[in-house]
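In what follows, a structure is listed as structure tokens, so that the remarks can point back to it.
The values are calculated or read from the model by the stated rules, or taken from the named source; none is laboratory data. Since we're looking at a predicted model, the values are computed, not measured. Please note: Cβ atoms are built from the backbone with ideal geometry, for glycine as well, and neighbour counts cover all protein chains shown. Heads up: the accessible areas ignore ligands, DNA and RNA and are worked out on the full protein's heavy atoms, side chains in. Shrake-Rupley method; radii C 1.70, N 1.55, O 1.52, S 1.80 Å.
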Amino acid sequence: MFQSAYLNDLMARVVARNAGEPEFHQAVREVLESLEPVLARHPEYVESGVLERLVEPERIIKFRVPWVNDEGRVVVNRGFRVQFNSAIGPYKGGLRFHPSVYEGIIKFLGFEQVFKNSLTGLPIGGGKGGSDFDPKGKSEGEVMRFCQSFMTELYKYIGKDEDVPAGDIGVGGREIGYLYGQYKRITGLYEGVLTGKGLTYGGSLARKEATGYGLCYFTDAMLRDAGKSFAGARVIISGSGNVAIYACEKATELGAMVVAMSDSNGYIVDEDGIDLAALKEIKEVRRGRIREYLKDHPKATYTEGCRGIFTVPCDIALPSATQNEIDEASAEALVRGGTYAVAEGANMPSTPEAIEVFRRAGVLFAPAKASNAGGVATSALEMTQNSERLSWTFDEVDRKLKGIMENIYHNAAATAKEYGMEGNLVAGANIAGFLKVADAMMAQGVV
């Protein structure tokens with residue numbers, strides 16, 4: 001319950017109008033909880049209906065995606081694109097291909113993206129998309145045919161100055177390549193309509209590394225403010241996709257020892273430190289399962305069940321797999337294991353109950369909309385390079401990324417302090433992201 005009757009009524013309307021979408025309800029509630037002191041100071045946001053507009057997507061596109069598998073059978077999946085808010089720029093946000101995808105997941109991700117994109121300081125609005133298609137176990141031909149069918153519908157609604165999708169879970173460089181090829185084939189346009197592209201056709205150096213690196217840059221700034229650092233720290237990272245792999249790389253570079261990582265089946269623990277080259281071979285080259293790590297690392301252990309990774313004692317946890325992977329019990333296990341910092345690499349990986357456990361225990365906590373903004377920030381830098389017909393060096397992009405992530409941390413920390421919640425980066429990120437979008441919406445009238 002909120003102290004404000006207005007917010008209680010608004011939240012009740014959100015739940016009623018978006019029935020059966022708990023992830024979306026959770027994301028909206030978290031933001032509204034942070035905004036009570038803002039609305040008390042700025043009643044004009046209530047009077048102008050900014051919040052009613054903010055919780056309603058500008059547009060939801062839902063479509064069927066028919067494709068033919070290798071046996072010649074027609075398969076039909078569902079495709080989605082939620083164009084949530086364009087007050088500060090064209091829609092920007094990834095595409096997720098995963099069996100769990102439905103409209104509520106995409107709305108939650110799109111809503112979060114609005115604030116995340118605002119925090120980067122770059123002129124990009126929020127959107128998200130995807131499908132319940134699962135690329136795992138599919139042949140190259142099946143993935144290509146699905147992507148071509150998906151883009152045959154999606155192309156009508158996107159463009160370099162309108163909506164620029166990127167990758168997310170299940171959508172890596174391979175999928176982006178097939179999607180971009182089909183867009184170009186249909187439209188005849190060679191433009192920066194997708195980010196995360198290959199380097200041979202308009203992609204940006206450091207894009208693959210960006211979310212994981214950015215997560216560590218944000219975490220490093222948070223740690224330094226608390227008199228701590230990655231140096232000598234014991235780290236666990238859930239997941240083994242792009243975010244997790246490159247968070248492992250950067251955390252190790254900053255002096256930490258990463259001892260555990262996971263995939264959807266289970267997790268590995270290597271007390272000698274994760275062999276990143278071996279993990280990249282398994283995940284990026286062979287697209288295998290993380291249990292294969294044990295073949296060449298007999299001293300490591302593998303345990304079925306991915307959530308068990310949070311029982312591994314650590315100083316710093318970087319949850320980088322999926323939403324709500326850390327529940328209250330997992331959070332309590334982390335605290336018992338000596339964890340003093342948690343930074344989210346996935347989108348909303350901690351439940352509200354878990355975040356409350358961290359707060360009570362005094363654990364440093366970095367919320368996803370701030371700490372995993374490195375991917376979209378670098379996607380926006382890719383858009384800039386495409387517009388200029390230029391390609392920046394890895395160091396140039398990485399330097400800009402580091403600056404953006406450090407600025408996000410300091411902005412969130414300062415905003416939390418300004419509104420009487422010093423140290424609460426969840427509130428600070430929500431408020432800082434909201435203020436820029438809300439002011440832009442008010443300046444543009446009722447649209």
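For this structure, a couple of remarks:
- Taking residues in the range 323-350 that are in a strand (DSSP E or B), and partners anywhere that are open to solvent by 10 Å² or more (accessible area, probe 1.4 Å), the pairs with Cβ atoms closer than 6 Å and at least 6 places apart or on different chains are Ala341/Leu364; Val342/Val363; Val342/Phe365.
- Subset of the range 345-362 [over 19 Å from Lys250 (Cβ atoms), among the hydrophobic types (A, V, I, L, M, F, W, C) and crowded, with 18+ Cβ neighbours inside 10 Å]: Met348, Ala354, Ile355, Val357, Phe358
- Whichever residue in the range 203-231 is within 22 Å of the chain's Cα centre (by Cα) and among the hydroxyl-bearing types (Ser, Thr, Tyr) and, among such residues, is farthest from Lys402 (Cα to Cα): Ser204
- Filter pass, Val426 being in a helix (DSSP H, G or I), more than 23 Å from Leu32 (Cα to Cα) and under 22 Å from the mean Cα position of the chain (by Cα): no
- Once the range 180-231 is narrowed to residues that are among the small types (Gly, Ala, Ser) and assigned to a helix (DSSP H, G or I), the residue that is surrounded by the fewest Cβ atoms within 10 Å (Cβ to Cβ) is Gly181.
- The criterion of at least 1 residues that are exposed (fewer than 15 other Cβ atoms within 10 Å of the Cβ), without any contact (Cβ under 8 Å) to a residue 12 or more places away in the chain and acidic (Asp, Glu) is met, among helices (runs of 4 or more DSSP H) falling completely within the range 1-70, by 5-17, 44-47.
- Boolean, Met441 is open to solvent by 10 Å² or more (accessible area, probe 1.4 Å), at pLDDT 95 or above and under 21 Å from Glu52 (Cβ atoms): yes
- Which listed residue, of Gly428, Gly423, is under 24 Å from Leu318 (Cβ atoms) and either aromatic (Phe, Trp, Tyr) or surrounded by fewer than 19 Cβ atoms within 10 Å (Cβ to Cβ) (or both): Gly423
- Each residue in the range 77-106 was checked for being surrounded by fewer than 19 Cβ atoms within 10 Å (Cβ to Cβ) and either part of a strand (DSSP E or B) or aromatic (Phe, Trp, Tyr) (or both), and 2 pass.
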